[in-house]
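Okay, structure first, notes after.
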Amino acid sequence: MNQPRLPDLQPLKTNDKLTILTGTGLWAVALVVLLVVQPDPEHRWWIWMCVSGICGGLFGLWFVRRRDRRPPPPSEGPIEPTTAIL
């Protein structure tokens, strides 16, 4: 039952800005399509869903840019867990 512990995985390096911009762009395209098509009155909430998606994307872009401006924390070596699950 005691198997050797596998090493922790390192986080993947991704382009978060591009991902957020792509999602925000898709919300903007959906908004333009809905403004052209003019959905029925009971489906007007779709327009506001697109607006909230764009606002969420802009907030995410601001947050990621702010996060990336911070210097990385100093590395003190690997941190050992204080408890183990057996």
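Read-outs: derived from the displayed coordinates by stated rules, not from any lab. Everything numeric in this text was worked out from a predicted model, so none of it was measured. Quick reminder, even Gly has a Cβ in these numbers, built from the backbone with ideal geometry, and neighbours come from all protein chains shown.
The set of residues from the range 14-43 being loosely packed, with under 15 Cβ neighbours inside 10 Å and charged (D, E, K, R) comprises Lys17, Asp40, Glu42.
In the range 1-51, how many residues are basic (Lys, Arg) and closer than 22 Å to Arg67 by Cα?
Applying the first criterion (basic (Lys, Arg)) to the range 1-51 yields 5, 13, 17, 44.
From the residues that got through so far, the ones that are closer than 22 Å to Arg67 by Cα too are 13, 17.
Within the range 1-51, residues that are basic (Lys, Arg) and closer than 22 Å to Arg67 by Cα number 2.
The set of residues in the range 49-78 being surrounded by 11 or more Cβ atoms within 10 Å (Cβ to Cβ) and of a type outside the set (Gly, Ala, Ser) consists of Met49, Cys50, Val51, Ile54, Cys55, Leu58, Phe59, Leu61, Trp62, Phe63, Val64, Arg65.
Name the residue that is farthest from Gly60 (Cα to Cα), counting only residues in the range 1-42 that are among the acidic types (Asp, Glu) and part of a helix (DSSP H, G or I). First the steps, then the outcome.
To start, the set of residues in the range 1-42 that are among the acidic types (Asp, Glu) comprises 8, 16, 40, 42.
Those left that are additionally part of a helix (DSSP H, G or I): 16, 42.
Numbers: Asp16: 9, Glu42: 30 Å.
Among residues in the range 1-42 that are among the acidic types (Asp, Glu) and part of a helix (DSSP H, G or I), the one farthest from Gly60 (Cα to Cα) is Glu42.
Taken together, the residues in the range 42-58 that are within 19 Å of Leu18 (Cα to Cα) and β-branched (Val, Ile, Thr) amount to 1.
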